[in-house]
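The values are calculated or read from the model by the stated rules, or taken from the named source; none is laboratory data. It should be emphasised that the depicted structure is a prediction, and the values quoted were computed from it without experimental measurement. Neighbour counts are summed over all protein chains in view; Cβ atoms, including those assigned to glycine, are modelled from backbone coordinates with ideal geometry. These area figures cover heavy atoms from the full protein model, side chains too; ligands, DNA and RNA do not enter into them. Shrake-Rupley method; radii C 1.70, N 1.55, O 1.52, S 1.80 Å.
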Amino acid sequence: MRFQFILSEIGIGLRRNLSMTISVVLVTFVSLTFVGAAVLLQSQIGKFKGEWYDKVEISVFLCPPGSSQPTCAGGEATNEQIDSVRAVLEQPDVAAEIQSVTFESKAEAWVTFSEQFDDRWWFNTVSEDDMNASFRIKLVDPEQYQVINDVLTGRPGVETVSDQRSIFEPLFLVLNRATLLSAGLAGVMLLAAVLLITTTIRLSALSRKRETGIMRLVGASNFFIQLPFMLEGAIAATVGALMAVGGLWLGVKYLVEDWLGQSMQWIPYVTTSDVWVIAPLLIGVAFLLAAISSIVTLSRYTKV
């Protein structure tokens, strides 16, 4: 009987404040969509780093003939200079940061270059003598590039030290800034959702002031009086959260998996499975919004 009464009170409250309830649903939907987008962006960055950082190498290009670098003043790198670079890489403090080292001769570099660019019109203007011999270094931790850069830059026979991470860092920077923007907008919208849920519950309580007064006179507990109001806010917030999950699922399915996934297949993307992983988080945040709103106005509701 009490359960049916609570359900009827919730239905009455939602009908009386239908426009406010719809507003709560929409604001919660928008705010949690931003929250979910921020989480998915960070997940995308993690997938991208996990896929490509393991493949990132440091390229130590040795002096070719005719280089204008000061370290190449003596001409093409000699065998003694190459052995000197190899010895540096074998030092215990440097070797501890290195996973593997591969030496690529000019002939090997020419084979690779030919396979990639033999169809270009300018290919015949390049020869094997224009290639750089190089060391390809894979680090245990790609973030420790500076260790290799410091010990090899400026050494005789070394033209340049190149870190492939520099190719990806601008992309990561853009994604991180997009995450911060989404998180900032989400924070503003979550605050708006809390205020709107609080207002909705307050209006619902005021519209039933006479009923709550009668309930108090017949001995109803504060919790029993307040429960319908709290559930109204929780239901509206939960509907908004479910809409956010649905919107994110559709976005990932059709924009990421079906569109981007088919256009650029070499990139590991977030999937709809990732949306289901964060779905409990979004629903939990919705309940938290409703709980905060209820706590903020709890004492007022018992006095109406």
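Observations on the model:
- Projected label distance in nm at Thr153 and Gln262, using a 7 Å step from Cα toward the beta-carbon: 4.5
- ³J(HN,Hα), Karplus 6.51/-1.76/1.60, whole Hz, each residue of region 236-251, x for Gly, Pro: 4, 5, 5, 4, x, 5, 5, 5, 5, 4, x, x, 5, 4, 5, x
- Segment Asp130-Gln42, extension gain: residue separation times 0.36 nm, minus the distance between their alpha carbons: 27.5 nm
- Between amide H atoms placed 1.01 Å from N, distances below 5 Å from Glu76 occur with Gly66, all of them 5 or more places distant or on a separate chain.
- Carbon/sulfur fraction of accessible area - region 57-163, other protein chains in place, 1.4 Å, %: 48
- Gain in span if fully extended, Ala73 to Trp122, counting 0.36 nm per residue against the direct Cα distance: 14.8 nm
- Full extension of the chain between Thr199 and Leu250 gives 15.2 nm of extra length, using 0.36 nm per residue less the Cα-Cα distance.
- Of the peptides 275-288, 96-109, 116-129, 184-197, the order by per-residue mean of other Cβ atoms within 10 Å, starting with the highest, comes out as 184-197, 275-288, 96-109, 116-129.
- Across region 57-163, Cα pairs under 8 Å and at least six residues apart give a relative contact order of 51 percent.
- Projected over every direction and averaged, the convex hull enclosing the alpha-carbon atoms of region 57-163 yields 6.9 nm².
- Efficiency of FRET from Cβ geometry, Leu175 and Thr102, R₀ 30 Å, rounded to 0.05: 0.50
- Accessible surface, per residue, of region 57-163 when the full set of protein chains is kept, probe 1.4 Å, Å²: 57
- On region 229-281, 73 percent of the accessible area sits on carbon and sulfur atoms, based on a 1.4 Å probe.
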